[in-house]
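Undergrad: There's a structure below that I have some questions on.
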There are 4 protein chains.
Amino acid sequence: MYETTRMITLRDADAAGVLFFARYLALAHDVYEEMMAERGLGLGKVLRELPYGLPIAHAECDYCMPLWVGDTVTIRLRVEELKRRSFTVVFEFLVEDGRTAATCRTVHVPVDRATGKPIPLPEELIAALTRGA
Amino acid sequence: MYETTRMITLRDADAAGVLFFARYLALAHDVYEEMMAERGLGLGKVLRELPYGLPIAHAECDYCMPLWVGDTVTIRLRVEELKRRSFTVVFEFLVEDGRTAATCRTVHVPVDRATGKPIPLPEELIAALTRGA
Amino acid sequence: MYETTRMITLRDADAAGVLFFARYLALAHDVYEEMMAERGLGLGKVLRELPYGLPIAHAECDYCMPLWVGDTVTIRLRVEELKRRSFTVVFEFLVEDGRTAATCRTVHVPVDRATGKPIPLPEELIAALTRGA
Amino acid sequence: MYETTRMITLRDADAAGVLFFARYLALAHDVYEEMMAERGLGLGKVLRELPYGLPIAHAECDYCMPLWVGDTVTIRLRVEELKRRSFTVVFEFLVEDGRTAATCRTVHVPVDRATGKPIPLPEELIAALTRGA
């Protein structure tokens, strides 16, 4: 598990003053990148040093209540499923009283950059995803 | 059905040079807004004149192949399901040879602005969603 | 000169229901990319086939009046200045009655990808920028 | 002066793997919002409780060197000028060795929401902008 907080800012709001529905995934991925960087597998390293990429094959969001500009939200990340060739991350957006405002889920598939083919999850990736779990 | 084309531009790319996964939903919603504006129910009107909003309760994407910066993509919108209190829109992202690059789905729930409660789909909304279907 | 129209959509709005100030530059660049693609020098080609990049060294915006979600805006692009090692593009955002809502300006500097050094404007770039001027 | 750090994430990168030029302003505004929230004048409060807005009349950026995905950048905010009816904020983007990667500048003009007219800088705004200066 990994947890961080964010303030909803103007760039991510829509005209109703709430977090725009497509930006939950962007914020969620920010948190995933932050966790992976802390665990030694930052995106800069993946992009520039490793022979595979981690494209997302599926993403989904359930929205329960709006998040307003200026709100502070806790984003809690959990690796839900580690399969041989994919992993699933769940993100919960929690407001201050602990209620869930939204849940997102992303499915990642490691792909060899040279061949474009899916590969088994590399060791260092499994290690980063499960550290402290 | 409604269909339009878009070029993938730099603002929507990620560091791999492809459409960033969270931006499919933003592009999809652009197309939905364009269709609704052509059908007399543009977002400006909804926000400023109508007593209800149309928040999204669920969104999902399946990504089949990357879309590169500079690619032209056809986005085909179809209203999949009209329920009493919600409707579902499906967006297919098609590349030039007709293959599907991605499919997105959004579930919209009309909500009374005064009470915050879901309401049955208003007549003019059903009319706009089903025109030419 | 090159001109196109855009509808302001939800993804680009801020909580006041108007185009977010930082997104004028993104929209402006969309139009620049569209023009260059029509003139045979699309960004996909630049990124994947040409030995230089076109980073932006300076950008600025003057905002005169808000643009609301649902508004249709004309964006007019003009290459203002072609120097030996840079060029400047001006974008005017015009509302329906012809008034200027905003003016943006971007300064582009061609850079050799191998050395990272500025280079004189390549021939095909000058041709694309001045076509029909 | 106010200072914070950010990691450049995928959502803000462009296809070259660097911070997209229009997103510097979005990041800069994030930092401005963070500072104002800490000083008791968060955007949520401005939008929902105060009788004026703070639209931006001018913005500009000078880009000196690219910021790569995964880079950690320090963003240093300084209120450069407090005039009777406007104020200017300068943002410096600093990389780890202290060099300036970019400088942005935004000019804000308080506007009465009812009349749409510029107003003198309110007391609590001056207090928040100058605290600790």
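Undergrad: Please determine, by comparing only the residues of region B:37-58 that are outside any loop (DSSP other than H, G, I, E, B) and aliphatic (A, V, I, L, M), which one is farthest from B:Arg131 (Cα to Cα). Give the steps one after another, and end with the answer.
TA: Here is the first cut: in region B:37-58, the residues outside any loop (DSSP other than H, G, I, E, B) are B:37-38, B:43-49, B:52-53, B:56-58.
Those still in the list that are aliphatic (A, V, I, L, M) too: B:37, B:43, B:46-47, B:56-57.
Values: B:Ala37: 13, B:Leu43: 17, B:Val46: 18, B:Leu47: 21, B:Ile56: 21, B:Ala57: 23 Å.
Here the residue is B:Ala57.
Undergrad: Looking at (1) more than 30 Å from A:Val69 (Cα to Cα); (2) in contact with a helix residue (DSSP H, G or I) (Cβ under 7 Å, 6 or more places away or on another chain), find the lone condition where C:Arg99 falls short.
TA: C:Arg99 satisfies every listed condition except (2).
Undergrad: Would you confirm whether any residue within region D:27-36 is open to solvent by 20 Å² or more (accessible area, probe 1.4 Å) and either touching a Cys at 6+ places or on another chain (Cβ under 7 Å) or assigned to a strand (DSSP E or B) (or both)? Break it down stepwise before answering.
TA: Applying the first criterion (open to solvent by 20 Å² or more (accessible area, probe 1.4 Å)) to region D:27-36 yields D:34.
From the residues that got through so far, the ones that are either touching a Cys at 6+ places or on another chain (Cβ under 7 Å) or assigned to a strand (DSSP E or B) (or both) too are none.
No, there is no match, as no residue in region D:27-36 is open to solvent by 20 Å² or more (accessible area, probe 1.4 Å) and either touching a Cys at 6+ places or on another chain (Cβ under 7 Å) or assigned to a strand (DSSP E or B) (or both).
Undergrad: Now for a different question. Just one of (1) of a type in the set (A, V, I, L, M, F, W, C); (2) within 30 Å of A:Ala16 (Cβ to Cβ); (3) not in a strand (DSSP E or B) trips up C:Cys61, so point out which.
TA: So the condition that C:Cys61 fails would be (3).
Undergrad: Return the residues of region C:102-133 that are closer than 17 Å to C:Leu43 by Cβ, open to solvent by 10 Å² or more (accessible area, probe 1.4 Å) and in a strand (DSSP E or B); say none if nothing qualifies.
TA: Listed by number, the list holds a single entry, C:Val111.
Undergrad: Being on the phi > 0 side of the Ramachandran plot and facing another protein chain (nearest Cβ under 7 Å) is the filter here; which residues of region B:14-43 pass it? Reasoning before the result, please.
TA: As a first pass, look at region B:14-43 and keep what is on the phi > 0 side of the Ramachandran plot: B:17, B:40.
Listed by number, the list holds a single entry, B:Gly17.
Undergrad: Is it the case that region A:73-80 has a residue that's open to solvent by 10 Å² or more (accessible area, probe 1.4 Å), within 12 Å of another protein chain (Cβ to nearest Cβ) and modelled with pLDDT of 95 or more?
TA: Within region A:73-80, the subset open to solvent by 10 Å² or more (accessible area, probe 1.4 Å) is A:74, A:76, A:78-80.
After this cut, where a residue has to be within 12 Å of another protein chain (Cβ to nearest Cβ) as well, the list is none.
Checked against the condition, which is being open to solvent by 10 Å² or more (accessible area, probe 1.4 Å), within 12 Å of another protein chain (Cβ to nearest Cβ) and modelled with pLDDT of 95 or more, region A:73-80 yields no hits at all.
Undergrad: Let me ask something else. Quick check on my filter: what residues within region B:86-101 are surrounded by 13 or more Cβ atoms within 10 Å (Cβ to Cβ) and more than 13 Å from the chain's Cα centre (by Cα)?
TA: The first filter runs over region B:86-101 and keeps only residues surrounded by 13 or more Cβ atoms within 10 Å (Cβ to Cβ), leaving B:86-95, B:100-101.
Matches in region B:86-101: B:Ser86, B:Leu94, B:Val95, B:Thr100, B:Ala101.
Undergrad: What single numbered condition from (1) surrounded by 18 or more Cβ atoms within 10 Å (Cβ to Cβ); (2) away from chain C (no Cβ under 11 Å); (3) out of contact with any helix residue (DSSP H, G or I) (no Cβ under 6 Å at 6 or more places or on another chain); (4) under 25 Å from A:Glu33 (Cα atoms) fails to hold for B:Cys64?
TA: Failing condition for B:Cys64: (1).
Undergrad: For residues that are within 12 Å of C:Cys104 (Cα to Cα) and more than 14 Å from chain B (Cβ to nearest Cβ), scanning just region C:50-61, find the one that is least open to solvent (accessible area, probe 1.4 Å). Explain how you work it out, then say what you get.
TA: Looking only at region C:50-61, we keep the residues that are within 12 Å of C:Cys104 (Cα to Cα), and these are C:58-61.
Filter again for more than 14 Å from chain B (Cβ to nearest Cβ), leaving C:58, C:60-61.
Working: C:His58: 33, C:Glu60: 41, C:Cys61: 0 Å².
Step by step, filter region C:50-61, then rank; the result is C:Cys61.
Undergrad: Criterion first (assigned to a strand (DSSP E or B), among the aliphatic types (A, V, I, L, M), in contact (Cβ under 8 Å) with a residue 12 or more places away in the chain and within 27 Å of B:Ala16 (Cα to Cα)) does A:Val89 satisfy it?
TA: Yes: the conditions hold for A:Val89.
The values are calculated or read from the model by the stated rules, or taken from the named source; none is laboratory data. All values derive from a computational prediction rather than experimental measurement. No Cβ is skipped: glycine too gets one built from the backbone with ideal geometry, and neighbour counts run over all protein chains shown. The protein model used for the area step is the full one, side chains on, heavy atoms only, and it has no ligands, DNA or RNA in it. Shrake-Rupley method; radii C 1.70, N 1.55, O 1.52, S 1.80 Å.
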